[in-house]
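Notes follow the structure.
The values are calculated or read from the model by the stated rules, or taken from the named source; none is laboratory data. Computed from a prediction, not measured in an experiment: that's the story for all the values here. Using ideal geometry, Cβ is built from the backbone for each residue, glycine included, and neighbour counts are taken over all protein chains shown.
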């Protein structure tokens with residue numbers, strides 16, 4: 001009996017101990033929820049969280065009898081109300097706070113969470129900065145906007161748009177999202193040209209002001225990043241402003257996809273105002289678990305968030321079975337700290353389960369592991385999926401989870417999207433920018449030059465003309481769209497304007513672009529973008545011709561080397577032709593070989609100075625001599641005139657031979673007013689400004705060079721090659737010395753990153769390839785024929801081969817014709833001679849070669865040619881006399 005009592009006592013004590021141990025597991029665990037009850041996301045989230053709590057408490061596999069109790073507080077998207085709600089929740093001993101949905105509220109609550117060690121798990125706050133190390137207790141079960149903005153930047157880059165306009169809500173969510181987008185597009189060589197903010201409580205007037213401000217701007221690609229708006233106010237205003245046409249592109253972040261499910265069926269027709277809009281939506285992998293929370297993905301995220309907290313509580317209780325809070329004093333009164341907060345956060349970070357939206361797992365930044373986004377197109381009151389994006393697959397028409405290859409390590413050359421219908425119903429890719437229209441044409445600044453007006457200037461009747469203007473207008477014709485523009489003169493026309501100020505006016509938005517003889521130099525390329533150069537240029541030095549050093553060989557200078565060679569060859573050719581034509585009929589051209597060689601060359605060269613001792617007898621020889629003497633008359637008279645000019649014209653001299661000699665000379669240097677030459681000489685070559693003399697016209701160039709450095713003039717002028725070439729066409733007493741010491745070009749200037757710079761560059765290249773660019777140049781500067789470039793290698797007053805090649809061709813043609821006629825006549829006589837020889841073997845024969853074959857015939861022919869024509873004719877007469885007597 002005693003043993004039975006002991007056994008019952010032992011069992012009772014054991015049961016009591018077990019019961020006490022079970023009692024240590026709390027019966028209720030409190031969890032808070034902060035969000036805006038009446039918002040689009042809040043309505044779906046409230047329903048989802050209530051259902052999730054019921055499902056958790058009814059599931060026997062989790063919490064083991066502990067009840068999860070959810071306390072909800074309405075923040076109304078207010079940081080102030082959210083803070084009050086957070087403190088009220090902390091009095092309820094909550095172990096976690098779900099929410100808030102607003103990024104602005106989340107920033108404040110996260111600061112509080114750091115102090116009380118209570119984790120924040122948000123299903124809708126997407127601000128990328130919330131993932132910073134500053135907020136170790138902040139988690140989110142949705143994707144960070146850093147991923148969404150990477151998707152948006154990839155979409156922009158896919159269609160080749162280089163400039164966009166971002167319209168955003170001016171709070172932490174909007175600002176930080178756009179800053180993240182700015183970083184992403186910059187990686188892809190694009191940029192957000194304008195960031196336009198809307199107040200947090202914006203109205204239609206605020207939207208209208210922002211959109212009206214954006215219309216005169218160039219980009220037509222709009223990125224809209226605001227809170228969900230069932231009224232779609234921004235598109236309502238855009239339609240009224242006629243901004244939903246083919247010129248515009250509208251891209252939205254996931255706020256639009258979040259908004260649409262909340263629109264009632266009676267308001268469905270209003271969706272026509274978003275026709276052609278392209279949006280990014282949260283992608284959730286296909287799953288068998290489905291619950292409908294107004295088709296709002298954030299409702300599903302809220303449902304999974306409750307389960308994530310429940311799983312963390314269950315794991316925590318299974319490990320420690322005890323949750324404790326302690327008080328600490330603050331200026332707000334006594335606050336409770338979650339003593340087990342760090343352990344709870346560690347368990348939460350290891351969450352991994354399959355939820356409604358897919359796998360719920362956090363990365364190292366405490367964000368939901370990204371699933372990717374869907375790219376959708378709003379067409380005909382419906383949402384059409386046109387593709388997907390993920391950080392490992394890029395843009396694709398296949399869901400990210402279906403792709404097994406990690407494309408992030410490969411070039412994304414095969415990115416693809418479905419057909420998109422853009423605003424206006426067009427399926428072709430919109431250009432994405434408009435610069436100027438009929439109401440606001442492009443403002444093109446042009447230099448109103450006072451000198452060298454052939455390049456560009458404004459006439460007295462306000463007509464703009466010049467070589468540069470013609471190049472620009474022809475390039476604009478090749479642009480595949482209309483480009484309204486108007487020329488605006490820059491300068492007073494009395495002196496050449498400062499080109500640095502002209503280029504700076506483009507940067508200062510005085511002009512949209514600058515067209516003219518604008519050199520592409522380093523300091524200007526830092527503030528504007530240039531087109532492809534349409535003219536090659538560089539700085540050169542022009543000086544007076546130095547002819548005081550005429551030497552004993554000055555008589556060679558009137559002809560170029562080519563001219564001397566051609567003339568010598570002509571003398572030799574004429575000598576040979578005349579000898580062939582006269583050898584058979586003229587005793588002066590016969591005799592020993594030595595005598596004939598002397599006669600050949602003396603006859604030809606003596607035609608320059610006097611009448612020849614040898615007369616030409618043959619008609620063909622006389623014909624050639626007439627043409628040759630005419631050629632000699634032109635050549636000798638031109639030579640005499642050129643040599644006379646070289647020897648008699650008084651010319652200036654200069655010791656300058658190149659840029660080094662010019663810098664070291666310490667003599668005054670002239671430059672063109674407004675040119676970058678002044679800056680280059682002073683800042684790059686360190687020439688004192690006191691040595692630099694501004695000159696405004698070709699006449700001033702001429703006067704300054706003639707006066708010389710010691711009589712109030714200059715030793716040399718430094719200017720760009722096109723100006724100097726034009727100057728030397730009119731003033732022949734000067735020359736370029738040395739080589740161009742800078743290499744540059746002329747281009748048209750536009751604002752930084754302006755698409756016009758690229759478009760016009762392609763047009764200029766096409767003009768160059770089809771020859772139109774050269775044609776424009778010739779029309780302006782070669783009306784009287786273009787000569788070879790004037791430079792250090794050409795002599796003034798030299799006779800060029802290009803001036804006489806026609807005469808040489810005529811002389812050569814006559815000589816060749818005479819030679820052919822002579823050969824035909826000789827061949828005919830030779831054939832007749834051979835026929836007579838065959839008929840009468842006893843007829844006289846000339847010495848013949850004993851060899852047989854082709855060489856024998858050839859040598860016999862040469863022997864026949866060498867015979868005097870009179871002897872041949874006599875032989876033919878003797879052969880004909882007996883035949884005549886027999887006939888009689």
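Within the stretch 511-534, the set of residues being touching a strand residue (DSSP E or B) at 6+ places or on another chain (Cβ under 7 Å) and in a loop (DSSP other than H, G, I, E, B) comprises 511, 512, 515, 516, 517, 518, 520, 521, 533, 534.
Conditions (1) surrounded by fewer than 19 Cβ atoms within 10 Å (Cβ to Cβ); (2) touching a residue at least 40 places away in the same chain (Cβ under 8 Å), marked per residue:
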| site | (1), (2) |
| --- | --- |
| 492 | yes, yes |
| 514 | no, yes |
| 526 | yes, no |
| 539 | no, yes |
| 571 | yes, no |
| 574 | no, yes |
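Residues are listed down the side, and each one gets a yes or a no for (1) touching a helix residue (DSSP H, G or I) at 6+ places or on another chain (Cβ under 6 Å); (2) within 30 Å of residue 486 (Cβ to Cβ); (3) modelled with pLDDT of 90 or more:
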| position | (1), (2), (3) |
| --- | --- |
| 352 | no, no, yes |
| 365 | yes, no, yes |
| 371 | no, no, no |
| 376 | no, no, yes |
| 396 | no, no, yes |
| 412 | no, no, no |
| 420 | no, no, yes |
| 437 | no, yes, no |
| 457 | no, yes, no |
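Per the listing 705, 726, the residue uniquely in a helix (DSSP H, G or I) and in contact with a strand residue (DSSP E or B) (Cβ under 8 Å, 6 or more places away or on another chain) is 705. Just need a number here: residues in the stretch 154-187 that are under 25 Å from the mean Cα position of the chain (by Cα), on the phi < 0 side of the Ramachandran plot and not in a helix (DSSP H, G or I). Residues in the stretch 154-187 being under 25 Å from the mean Cα position of the chain (by Cα), on the phi < 0 side of the Ramachandran plot and not in a helix (DSSP H, G or I): 7 in total. For the stretch 61-88, taking the residues that are within 24 Å of residue 132 (Cβ to Cβ) and out of contact with any helix residue (DSSP H, G or I) (no Cβ under 6 Å at 6 or more places or on another chain), the one that is surrounded by the fewest Cβ atoms within 10 Å (Cβ to Cβ) is identified as 80.
One line per residue, one yes/no per condition, for (1) at pLDDT below 85; (2) crowded, with 23+ Cβ neighbours inside 10 Å; (3) in the same structural domain as residue 61 (by TED's automatic domain parsing); (4) not in a loop (DSSP other than H, G, I, E, B):
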| site | (1), (2), (3), (4) |
| --- | --- |
| 300 | no, yes, yes, yes |
| 313 | no, yes, yes, yes |
| 316 | no, no, yes, yes |
| 321 | yes, no, yes, no |
| 327 | yes, no, yes, yes |
| 336 | yes, no, yes, yes |
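Any residue at all in the stretch 152-171 that is modelled with pLDDT of 90 or more and either assigned by TED's automatic domain parsing to the domain that holds residue 352 or within 30 Å of residue 341 (Cβ to Cβ) (or both)? Yes, the stretch 152-171 contains a residue that is modelled with pLDDT of 90 or more and either assigned by TED's automatic domain parsing to the domain that holds residue 352 or within 30 Å of residue 341 (Cβ to Cβ) (or both).
When residue 735 is tested against (1) modelled with pLDDT of 90 or more; (2) closer than 20 Å to residue 661 by Cβ; (3) assigned to a strand (DSSP E or B), exactly one condition is not met: (1).
Selection of the stretch 346-400 for residues being part of a helix (DSSP H, G or I) and over 34 Å from the mean Cα position of the chain (by Cα) yields 346, 347, 348, 349.
Matching residues to (1) surrounded by 14 or more Cβ atoms within 10 Å (Cβ to Cβ); (2) at pLDDT below 70; (3) not in a helix (DSSP H, G or I):
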residue: 780; (1), (2), (3): yes, no, no
residue: 784; (1), (2), (3): no, yes, yes
residue: 788; (1), (2), (3): no, yes, yes
residue: 806; (1), (2), (3): no, no, no
residue: 816; (1), (2), (3): no, no, no
residue: 819; (1), (2), (3): yes, no, no
residue: 822; (1), (2), (3): yes, no, no
residue: 828; (1), (2), (3): no, no, no
residue: 842; (1), (2), (3): no, yes, yes
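For the stretch 472-490, taking the residues that are in a loop (DSSP other than H, G, I, E, B) and touching a helix residue (DSSP H, G or I) at 6+ places or on another chain (Cβ under 8 Å), the one that is surrounded by the fewest Cβ atoms within 10 Å (Cβ to Cβ) is identified as 479. Taken together, the residues in the stretch 188-227 that are outside any helix (DSSP H, G or I), more than 25 Å from residue 160 (Cα to Cα) and out of contact with any helix residue (DSSP H, G or I) (no Cβ under 9 Å at 6 or more places or on another chain) amount to 1.
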